[in-house]
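Enquirer: I am attaching a structure below and will ask some questions about it afterwards.
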Amino acid sequence: MKMIMKNRLCVFCLLLAVGTAQAGASCFDKSAAPKIRFADCMTRAEQDDADAQFRLGFMYETGWGAPQDYQEAVKWYRLAAEQGDARAQNNLGSMYETGWGVPQHYQEAVKWYRLAAEQGVALAQYNLGLMYETGWGAPQDYQEAVKWYRLAAEQGDARAQNNLGSMYETGWGVPQHYQEAVKWYRLAAEQGVALAQYNLGLMYRAGRGVPEDYIQAHLFFNLAAANGVQRAKEARDKLAGRMTPEQVAQAQARAARWFDEHPR
């Protein structure tokens, strides 16, 4: 299984934090009152400060410190993006992909994702890989999808790691290689990606890329189920019927240790 949907707000929060703070500038001061921060960002944005334009776009998109207004968000993202701000380029691409504040236009989304991806933004690389895999806004090209997923995955993007694992499992865009699939699924699973945990459970259950191991399969199904994957719950319960009580107890103990070592 691959990840298609994006967690926009959480990701944008991370992107927002990337900017360079400026001493004495309320626009860049997270402790400043929202109205003061917004006013300072507006002043700086009107003076062509790309970082402030990006932050102003974010405020309008999310309603943090400003009335939520997607068209205003697009306006300020565009101004920053045209100055080369990679975060704004990625977010503008996402606005075009979703049709927030602009008519939905996948080709424009790809254009802006590519500009950000070429500057090394992992989220944009993941987004661009997804567009190539699905054929949204660009000719469907699994090799290009793998290329961009890999760049994002090597920067630690967990969704890209999961999707790269799936490409290796299916042989889409790369020679099929179960061990590589397991490697990338595991990296994403360790970051808490529920689909990767489920995928890793499937690999252990079938013995693909790893020795068949029902205890490990139960463990990862259990983790994914706890993170809301209904299919993982069903797979775990069905698998338990093929295991001894001792094996189930071992799997449950491993899950408990996992949660202790990976607090949410």
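The values are calculated or read from the model by the stated rules, or taken from the named source; none is laboratory data. Just so you know, these numbers come straight off a predicted model, no measurement behind them. A quick note on method: Cβ atoms are made from the backbone with ideal geometry, for glycine too, and the neighbour counts reach across all protein chains shown. Just the protein is used for accessible areas: all its heavy atoms, side chains included, with ligands, DNA and RNA removed. Shrake-Rupley method; radii C 1.70, N 1.55, O 1.52, S 1.80 Å.
Enquirer: Sort through L219, L195, L223 and tell me the only one that's within 21 Å of A181 (Cα to Cα) and open to solvent by 30 Å² or more (accessible area, probe 1.4 Å).
Expert: L195
Enquirer: Please find, among G201, G209, G173, the residue that is buried (at least 21 other Cβ atoms within 10 Å of the Cβ) and modelled with pLDDT of 95 or more.
Expert: It is G201.
Enquirer: I would also like to ask the following. Scan Q89, Q107 and give me the residue that is surrounded by fewer than 23 Cβ atoms within 10 Å (Cβ to Cβ) and part of a helix (DSSP H, G or I).
Expert: Q107
Enquirer: Taking interchain pairs and intrachain pairs at least six residues apart, which have beta carbon atoms under 6 angstrom, with the first residue in segment 101-114 and of a type in the set (D, E) and the second open to solvent by less than 90 Å² (accessible area, probe 1.4 Å) and in a helix (DSSP H, G or I)?
Expert: E108/Y96
Residue by residue, here is whether (1) open to solvent by less than 70 Å² (accessible area, probe 1.4 Å); (2) in a loop (DSSP other than H, G, I, E, B); (3) of a type in the set (V, I, T) holds:
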| residue | (1), (2), (3) |
| --- | --- |
| W112 | yes, no, no |
| A116 | yes, no, no |
| Q119 | no, yes, no |
| Y126 | yes, no, no |
| G129 | yes, no, no |
| Y132 | yes, no, no |
| G137 | yes, yes, no |
| A145 | yes, no, no |
| W148 | yes, no, no |
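Enquirer: Could you tell me which numbered condition D40 fails, if it satisfies all but one of (1) more than 19 Å from G137 (Cβ to Cβ); (2) buried (at least 22 other Cβ atoms within 10 Å of the Cβ)?
Expert: (2)
Enquirer: Mind checking which residues of segment 150-170 are over 25 Å from P263 (Cβ atoms), open to solvent by 50 Å² or more (accessible area, probe 1.4 Å) and in contact with a helix residue (DSSP H, G or I) (Cβ under 7 Å, 6 or more places away or on another chain)?
Expert: Answer for segment 150-170, where residues must be over 25 Å from P263 (Cβ atoms), open to solvent by 50 Å² or more (accessible area, probe 1.4 Å) and in contact with a helix residue (DSSP H, G or I) (Cβ under 7 Å, 6 or more places away or on another chain): R150, L151.
Enquirer: Scan segment 60-86 for residues that are in a helix (DSSP H, G or I) and either in contact (Cβ under 8 Å) with a residue 40 or more places away in the chain or open to solvent by less than 30 Å² (accessible area, probe 1.4 Å) (or both) and report the count.
Expert: 10
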